[in-house]
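Presented below is the structure to which this report refers.
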Amino acid sequence: MRFNLTLRVNARKYGRILPLNYQYEMSAVIYKILASSSGDFATWLHENGFRMDNGKQFKLFTFSQFNIPNRRILTQSNQLELLSDSVQWQISFLPENSTQNFIEGLFQNCVFELGNKESKVEFEVESIEVVPPPEFQESMVYNTLSPIFVSCVDENGRDHYPKDSHEFKTSEWVKERLLSNLVDKYFAFYGREFQDEKYLNFITLTEPKSKLVTIKSGTNEQTRLRGFECKIVVSAPPELQRLAYDSGLGALNSQGFGCLEVL
């Protein structure tokens, strides 16, 4: 189930400057808001049939980057100035049972801060609306609302990522990893193997744009991850299409990768 949030920029508190890389901070905000529900969060997970084993966090969600009508990139300081008074933000959750009331209750009139020590902005949720789900078919046309991240382990046991747009759009291993990721999500959520034919193919309609995202910027755990943004046609079983739309395509969805919109 997907929600579109309209956020008002409370510029009087901290100003209008965000770090250019703010995806990790967005993920932290979502987890913090979910955790604030206390027992309601556990009840929601139970009603949707999802179980957390060995203390693992619930991660079957994804979110878009901010849709900012007017902004300015401050290249020298690697920051982003919000010139608009409001921004749009989409958050998508795989579970559906009781999700609307639960999420709307958590986010309605919510006030939160986003950023780091050098630059942050206070936002207030002005409105939250449910985005009607699409009709899932074997072939779907998407646009990325956040970059798709995919990786594999090479013959030397090291993590390997697409080095450029050509490898991303032509390598079979990329398609194999995207498929296996969706199949794993299916098992994690439903508690059973996906029994139908397993297949996934995609064709890029625009040249994939490489985007380097910094996670935990300025800390000892800082990591730079490369994702790709583009318009894409995905062929897969409708049940897996739903998983890609609701919880993200590719890996690290809960850190702001792989959020799709239907075109």
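Results, tabulated for the structure shown:
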quantity: Restricting segment 158-200 to residues that are surrounded by 13 or more Cβ atoms within 10 Å (Cβ to Cβ) and polar (S, T, N, Q), the residue that is farthest from Leu240 (Cα to Cα); calculated: Ser165
quantity: Residue check for Glu122: assigned to a strand (DSSP E or B), in contact with a helix residue (DSSP H, G or I) (Cβ under 8 Å, 6 or more places away or on another chain) and over 23 Å from Leu60 (Cα atoms); calculated: yes
quantity: Hey, Asp40 acidic (Asp, Glu), at pLDDT below 90, outside the structural domain of Ser146 (by TED's automatic domain parsing) and part of a helix (DSSP H, G or I) or not; calculated: yes
quantity: Any pair with Cβ under 7 angstrom, 6 or more apart, that starts in segment 140-152 at a residue that is without any contact (Cβ under 8 Å) to a residue 60 or more places away in the chain and ends at one that is surrounded by fewer than 22 Cβ atoms within 10 Å (Cβ to Cβ); calculated: Cys152/His160; Cys152/Trp173; Cys152/Arg177
quantity: Condition check for Tyr245: of a type in the set (Ser, Thr, Tyr), farther than 20 Å from Met26 by Cα and not in a strand (DSSP E or B); calculated: no
quantity: Segment 201-221: number of residues that are assigned to a loop (DSSP other than H, G, I, E, B), aliphatic (A, V, I, L, M) and either surrounded by fewer than 12 Cβ atoms within 10 Å (Cβ to Cβ) or touching a Leu at 6+ places or on another chain (Cβ under 7 Å) (or both); calculated: 0
quantity: Looking only at segment 4-39, and only at residues there that are among the charged types (D, E, K, R) and farther than 20 Å from Gln222 by Cα, the one that is surrounded by the fewest Cβ atoms within 10 Å (Cβ to Cβ); calculated: Arg12
quantity: Qualifying residue in segment 175-189 (condition: at positive phi, at pLDDT below 95 and over 19 Å from the mean Cα position of the chain (by Cα)); calculated: no
quantity: Single match in Gly250, Gly227 (criterion: outside any loop (DSSP other than H, G, I, E, B) and under 22 Å from Glu25 (Cβ atoms)); calculated: Gly227
quantity: All positions within segment 18-27 that are more than 18 Å from Glu124 (Cβ to Cβ) and either assigned to a helix (DSSP H, G or I) or among the hydrophobic types (A, V, I, L, M, F, W, C) (or both); calculated: Leu20, Gln23, Tyr24, Ser27
quantity: Selected residue (only one of Glu207, Glu197, Glu172, Glu221 is in the same structural domain as Ala251 (by TED's automatic domain parsing), over 30 Å from Lys117 (Cα atoms) and either without any contact (Cβ under 8 Å) to a residue 24 or more places away in the chain or in contact with a Cys (Cβ under 6 Å, 6 or more places away or on another chain) (or both)); calculated: Glu172
quantity: Top-ranked residue in segment 80-98 [being in a strand (DSSP E or B) and buried (at least 19 other Cβ atoms within 10 Å of the Cβ); ranked as modelled with the lowest pLDDT]; calculated: Phe93
quantity: Any hit, segment 225-244, residues being among the hydroxyl-bearing types (Ser, Thr, Tyr), touching a residue at least 12 places away in the same chain (Cβ under 8 Å) and touching a helix residue (DSSP H, G or I) at 6+ places or on another chain (Cβ under 7 Å); calculated: no
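The values are calculated or read from the model by the stated rules, or taken from the named source; none is laboratory data. For clarity, every value in this text was computed on a predicted model and none was experimentally measured. Note that each Cβ is placed from the backbone with ideal geometry, even for glycine, and that neighbours are counted across all protein chains shown.
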